[in-house]
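To keep things clear, I will list the structure first and then write my remarks on it.
The values are calculated or read from the model by the stated rules, or taken from the named source; none is laboratory data. What you see is a predicted model, and the numbers here were worked out from it, not measured in a lab. Quick reminder, even Gly has a Cβ in these numbers, built from the backbone with ideal geometry, and neighbours come from all protein chains shown. Surface areas here come from the heavy atoms of the whole protein model, side chains and all, with no ligands, DNA or RNA. Shrake-Rupley method; radii C 1.70, N 1.55, O 1.52, S 1.80 Å.
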Amino acid sequence: MNTNPPESPSGAVFHEVAQNLYRLESSGTYYALFKRGGKQIRKSLKTTDPALARRRLADLRDKVSRLNQTKGASKLTFAELAARWLATHRVHLKEKSISRLDTCLKGLAPYLGQVPIRNIAAQHCEDWLTHRATEISPSSYKHERRTLIAVLDYAVRDGLILDNVARICVPTRKIPHPQIVIPSREQFCTLVQTIREADIRAQQIGTAH
């Protein structure tokens, strides 16, 4: 059965394979199509293998069934959800840790803060990655990335979004280890001489030996 699901790309032809499962004629890629709360959810299953497509469809169907349909849930912004997430951590984390998380959220706010949580896409995470992340230390990057992923995982858990896009589009960043430089004999002697000349206590130690 050929059908063009609503809002399908112009000229794209989909073949209905099973309930909620479609195959794009031009590429053979399978797509899932659901309706939830009066809205259409169409998502590529990223495979041309029918067996794998059915397994991924089952997983996606489970996620869609858990989507939060509470009034106002679709308007909840990243900043609002992040504040709720942070509040849940206050009961078991030290104030120093809470302060660090709050600093991370402030770093993320210009790029995601006012975006409705359901509208957050890879582009928003990449905006943070290409602007903010290039200006902060590897350690700060690590903490902000971890905070971003944690907030979006919280959104997945509460059925506000299907998947955490940050896990895919925001890579890890290695923290370089400090390089230990061993001075040459000449440099060591110069260092000792400098210390002796700068500190009377070092002179006394040198005399004692």
Original post:
For segment 84-137, rounded, prolate or oblate, judged on the Cα gyration tensor with a ≥ b ≥ c (square roots of eigenvalues), a/c < 1.5 rounded, else prolate if a/b > b/c?
Top reply: oblate
Original post:
Taking a probe of 1.4 Å, how large is the accessible area per residue of the chain, in Å²?
Top reply: 66
Original post:
Quick one: helix 78-89 against the long Cα principal axis of the chain, what's the angle to the nearest 10°, folded into 0 to 90?
Top reply: 60
Original post:
Hey, got the Cα dimensions of the chain along the principal axes, in Å, largest first?
Top reply: 97, 39, 27
Subject >> Helix 50-65 vs. the chain, principal-axis angle (Cα, 0 to 90°, nearest 10) >> reply: 80
Original post:
For Thr29 and His131, what is the calculated FRET efficiency with R₀ set at 35 Å and r taken between the beta-carbons, to the nearest 0.05?
Top reply: 0.60
Original post:
What's the FRET efficiency of Lys63 with Arg146 using the Cβ-Cβ distance as r and R₀ = 22 Å, to the nearest 0.05?
Top reply: 0.45
Subject >> FRET efficiency estimate (nearest 0.05) - Cβ-Cβ, Glu186 to Ser139, R0 35 angstrom >> reply: 0.50
Original post:
Carbon and sulfur: what percent of segment 110-151's accessible surface (1.4 Å probe)?
Top reply: 46
**OP:** List the lysines whose Cα lies under 28 Å from the Cα of Lys71, skipping any in the same chain that are fewer than 8 positions away.
**Re:** Lys35, Lys39, Lys43, Lys63, Lys106
**OP:** Starting from the Cα-Cα distance between Asp49 and Asp163, subtract it from 0.36 nm times their residue separation and give me the gain in nm to one decimal.
**Re:** 38.9 nm
**OP:** Residues in segment 78-115, backbone N under 16 Å from the label point at Thr172 (7 Å along the Cα-to-beta-carbon vector): list them, ranges by number please.
**Re:** none
**OP:** Mind pulling the angle between the C-alpha long axis of helix 138-157 and the longest principal axis of the chain? Nearest 10 degrees, somewhere in 0 to 90.
**Re:** 30
Subject >> Anisotropy class of segment 86-178 from Cα gyration tensor, a/c 1.5 cut >> reply: oblate
